[in-house]
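Working notes, structure below.
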Amino acid sequence: VQLQAFGGGLVQAGDSLRLSCAASGGTFRNYRMAWFRQAPGKAREFVSTISPNGGSTNYADAVKGRFTISRTNAKNTVYLQMNGLKTEDTAVYFCAASTVVLSGAQNEQNYYYWGQGTLVTVSS
């Protein structure tokens, strides 16, 4: 499975941005999808995950209530709608795919496939 993330950019605090991740080369609907991020000088961290059929989502506490993950299986695409962006959201955002169950979904080591990352910069 090949993943390509895009949609990052430079925005101001309080703005919104939508990231997309397009998948190819596999059966997208079979995979749990997730977004992780890595801020400068920090380890990569979990942001959000969505089940293969889109019926279940999960968020890191830092983004809960501001970010929304969704997917369109017919388009092999997963999205991350980011509202109320804060300077601390500045990071490279990665999409990832796995068949892991929910209990392991926040662990990046359980993800087999990764996109190249897209940079989100939030200025104050």
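Which members of the stretch 83-124 meet the condition of being free of Cβ contacts under 8 Å to residues at least 60 places away in the same chain, over 23 Å from Phe28 (Cβ atoms) and either in a loop (DSSP other than H, G, I, E, B) or in contact with a helix residue (DSSP H, G or I) (Cβ under 8 Å, 6 or more places away or on another chain) (or both)?
Passing the criteria: only Thr90.
Of the residues Arg29, Arg18, only one is basic (Lys, Arg), open to solvent by 50 Å² or more (accessible area, probe 1.4 Å) and either out of contact with any Leu (no Cβ under 9 Å at 6 or more places or on another chain) or modelled with pLDDT under 95 (or both); which?
Going through Arg29, Arg18 in turn, the sole match is Arg29.
Only residues in the stretch 57-75 that are in contact (Cβ under 8 Å) with a residue 12 or more places away in the chain count as the first member; pair them with residues that are open to solvent by 50 Å² or more (accessible area, probe 1.4 Å) and among the hydroxyl-bearing types (Ser, Thr, Tyr), Cβ under 7 angstrom, at least 6 apart or cross-chain, and list the lot.
Ile69/Thr57
Please verify whether Gly65 is assigned to a loop (DSSP other than H, G, I, E, B), open to solvent by 40 Å² or more (accessible area, probe 1.4 Å) and of a type outside the set (A, V, I, L, M), treating the condition exactly as stated. I'd like the intermediate steps shown before the answer.
Working: assigned to a loop (DSSP other than H, G, I, E, B): yes; open to solvent by 40 Å² or more (accessible area, probe 1.4 Å): yes; of a type outside the set (A, V, I, L, M): yes.
So Gly65 passes the test.
The values are calculated or read from the model by the stated rules, or taken from the named source; none is laboratory data. Keep in mind that what you see is a predicted model, and the values were worked out from it rather than measured. Here Cβ is always computed from backbone atoms with ideal geometry, including for glycine, and neighbour counts include all displayed protein chains. To get the accessible areas, we keep the full protein, side chains included, count just its heavy atoms, and leave off ligands, DNA and RNA. Shrake-Rupley method; radii C 1.70, N 1.55, O 1.52, S 1.80 Å.
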